[in-house]
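First comes the structure, then the notes that go with it.
The values are calculated or read from the model by the stated rules, or taken from the named source; none is laboratory data. Being a predicted model, the structure only gives us computed values, none of them experimental. No Cβ is skipped: glycine too gets one built from the backbone with ideal geometry, and neighbour counts run over all protein chains shown. Side chains included, ligands, DNA and RNA excluded: accessible areas come from the protein's heavy atoms. Shrake-Rupley method; radii C 1.70, N 1.55, O 1.52, S 1.80 Å.
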Amino acid sequence: NKTSLVSLAKHGRVFSSSYEALRFQNLDVLTVVLGKIGEDIAAEQFADSVNALMLGDGSANDKADEVTAQGELSYTHLLQLWEDLGSYKLNTMIASAPTIKEILSLSEMKDANAGLNFQGTGNIVTPIGAKLIKSAKVADKKILGFDKNKALQMIQYGDVVVDYDKVIDRQLERAAISLTAGFTRIFKDAVKILDYSA
């Protein structure tokens with residue numbers, strides 16, 4: 001039961017080229033450029049979603065609860081995170097690259113099926129079934145664990161917007177590609193942060 005408004009952020013890129021370059025350009029190259037623009041916008045939205053998971057709407061009482069653990073990372077710590085989510089499913093974990101290296105070094109991650117999945121698809125799934133995603137937005141020695149179906153909602157204003165502009169005197173054609181969206185938490189208890197930095 002929230003009364004606060006959701007802040008929406010606009011992310012986008014401007015693509016600029018001369019008439020001749022566009023006319024004689026290989027279509028495959030344009031496809032790659034537009035795909036990269038889409039990836040950049042998606043990465044910025046992912047960073048916004050991680051912030052919303054950790055901080056909620058920004059008020060002190062909306063921050064994700066922390067689960068503190070002592071000593072080096074162990075499988076027991078991951079089980080503690082799983083347990084503290086209660087009735088919610090721990091199906092996604094986000095951590096920094098050094099923290100993911102620690103997780104992958106656990107003996108439980110050396111299971112043959114987990115290793116084959118990572119080597120064959122590049123997708124990392126932990127022994128407790130949660131998908132592991134890398135993000136520099138999460139501090140080292142912290143793991144953001146949550147139920148992806150009940151933790152976060154994306155609110156989008158319209159679809160992808162593409163605006164075109166021709167600058168005749170410079171013989172340029174520009175396109176601005178943007179998307180406006182924001183994120184809000186659905187259930188606060190569907191997100192926990194495991195902190196073993198102490």
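Can you name every residue in segment 7-23 that is open to solvent by less than 50 Å² (accessible area, probe 1.4 Å), more than 14 Å from Asp163 (Cα to Cα) and at pLDDT 80 or above?
Once the filter is applied, which keeps residues that are open to solvent by less than 50 Å² (accessible area, probe 1.4 Å), more than 14 Å from Asp163 (Cα to Cα) and at pLDDT 80 or above, segment 7-23 yields only Ala9.
What are the residues in segment 46-91 that are over 17 Å from the mean Cα position of the chain (by Cα), surrounded by 15 or more Cβ atoms within 10 Å (Cβ to Cβ) and not in a loop (DSSP other than H, G, I, E, B), if any?
Selection gives Asp62, Val67, Tyr75, His77, Leu78, Gln80, Leu81, Trp82, Asp84.
Within the group Val191, Val162, which residue is open to solvent by less than 70 Å² (accessible area, probe 1.4 Å) and modelled with pLDDT under 90?
Val162
Quick one: which residue in Ile100, Ile41, Ile94 is at pLDDT 90 or above, touching a helix residue (DSSP H, G or I) at 6+ places or on another chain (Cβ under 7 Å) and either among the small types (Gly, Ala, Ser) or open to solvent by less than 20 Å² (accessible area, probe 1.4 Å) (or both)? I'd like the intermediate steps shown before the answer.
Values: Ile100 fails: touching a helix residue (DSSP H, G or I) at 6+ places or on another chain (Cβ under 7 Å); Ile41 fails: touching a helix residue (DSSP H, G or I) at 6+ places or on another chain (Cβ under 7 Å).
So the residue among Ile100, Ile41, Ile94 that is at pLDDT 90 or above, touching a helix residue (DSSP H, G or I) at 6+ places or on another chain (Cβ under 7 Å) and either among the small types (Gly, Ala, Ser) or open to solvent by less than 20 Å² (accessible area, probe 1.4 Å) (or both) is Ile94.
Among the residues in segment 120-135, are any open to solvent by less than 50 Å² (accessible area, probe 1.4 Å), farther than 23 Å from Gly12 by Cα, modelled with pLDDT under 80 and in contact with a Pro (Cβ under 8 Å, 6 or more places away or on another chain)?
No - not one qualifying residue is present in segment 120-135.
Starting from segment 31-57, take each residue that is in contact (Cβ under 8 Å) with a residue 24 or more places away in the chain and list its partners that are in a helix (DSSP H, G or I) and surrounded by fewer than 19 Cβ atoms within 10 Å (Cβ to Cβ), counting only C-beta distances under 9 angstrom and pairs at least six apart or across chains.
Here the result reads Gly56/Asp62; Gly56/Lys188, each pair linking segment 31-57 to a residue that is in a helix (DSSP H, G or I) and surrounded by fewer than 19 Cβ atoms within 10 Å (Cβ to Cβ).
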